1. Debye sum, Cα scatterers, the chain, no solvent: what log₁₀ I/I(0) at q = 0.08, 0.10 1/Å?
2. In Å², what does the accessible area per residue of the chain work out to with a 1.4 Å probe?
3. If amide H atoms are built 1.01 Å from N in the plane of the peptide, which residues on other chains or at least 5 residues away come under 5 Å of the amide H of Leu13?
4. Among Cys108, Ala120, Gln136, which residue has its Cα positioned farthest towards the positive end of the charge dipole of the chain, with +1 placed on the Cβ of Lys and Arg, -1 on the Cβ of Asp and Glu, and the dipole taken about the Cα centre?
5. Among Val148, Ala83, Phe39, flag the residue with its Cα farthest along the positive direction of the charge dipole of the chain, charges on Cβ as +1 for Lys/Arg and -1 for Asp/Glu.
6. What do you get for the angle between helix 2-11 and the principal long axis of the chain? Use alpha-carbon atoms, 0 to 90 degrees, nearest ten.
7. In nm, to one decimal, how far is the modelled label at Ser173 from the one at Ile56, with both set 7 Å along Cα→Cβ?
8. Going by accessible area, probe 1.4 Å, with all protein chains left in place, what is the ranking of Phe144, Phe23, Phe34, largest first?
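The values are calculated or read from the model by the stated rules, or taken from the named source; none is laboratory data. Computed from a predicted structure; not experimentally measured. When we count neighbours, we look across all protein chains shown, and the Cβ atoms used for this are built from the backbone with ideal geometry, even at glycine. Only protein heavy atoms, including side chains, enter the accessible area calculation; ligands, DNA and RNA are left aside. Shrake-Rupley method; radii C 1.70, N 1.55, O 1.52, S 1.80 Å.
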Amino acid sequence: MLESRMKKEKTMLAYKVVMVGDFGVGKTSLVKRFVDNSFSEEYLSTIGVSISKKAINDSTLMLWDIEGHTEFKPIFKQYLSGAKGFIVVADINRQNTIESIQRHIELCHSSVKNAPICIALNKSDIHHTLDENDMQKLKELSEFVVEVYKTSAKEGSAVADIFNELDEHISKSIKK
């Protein structure tokens, strides 16, 4: 039994996924919902970076939750370095955060070329006007955007889906 467990541990992939997005879009809430299955209405701003981990499928995701507005700090590229994938988060109800998605994608790819990206349009539990056509346009922002999800950290909608989708793409690329 111990030998079987050691074999399984050796086949687990461990890699870094970076959460990127403007201030207050719900990056930390998505991570907390995914890792701990919890949500808090209390807003606590991330300072610098917060790192969490979660095992899914045959992988261990090291989730780097970066504070908003970090791209202007000299350390920002170091936060992105070594990432195997990114989740770009926007608040579905704040157009300015949706308009920032392209800039976040460019920042990610300036540090890590060809890494898969999922886009989380968070806070979808609140009434919004974004439709499928808008989501398709976001998917077309980069050939490396693998999917766009309407997520709700509060309700848990599509939270596991976005991490599983990214894990699937990263695992396939690592195993090649």
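1. At q = 0.08, 0.10 Å⁻¹ the computed log10 ratios are -0.23, -0.36.
2. Each residue of the chain exposes 54 Å² on average to a 1.4 Å probe.
3. Those qualifying (amide H under 5 Å, at least 5 residues apart or on another chain) are Ser59, Thr60.
4. Result: Cys108, furthest along the dipole toward the positive end.
5. Ala83
6. 40 degrees
7. 1.6 nm
8. Largest accessible area first, the residues go Phe23, Phe144, Phe34.
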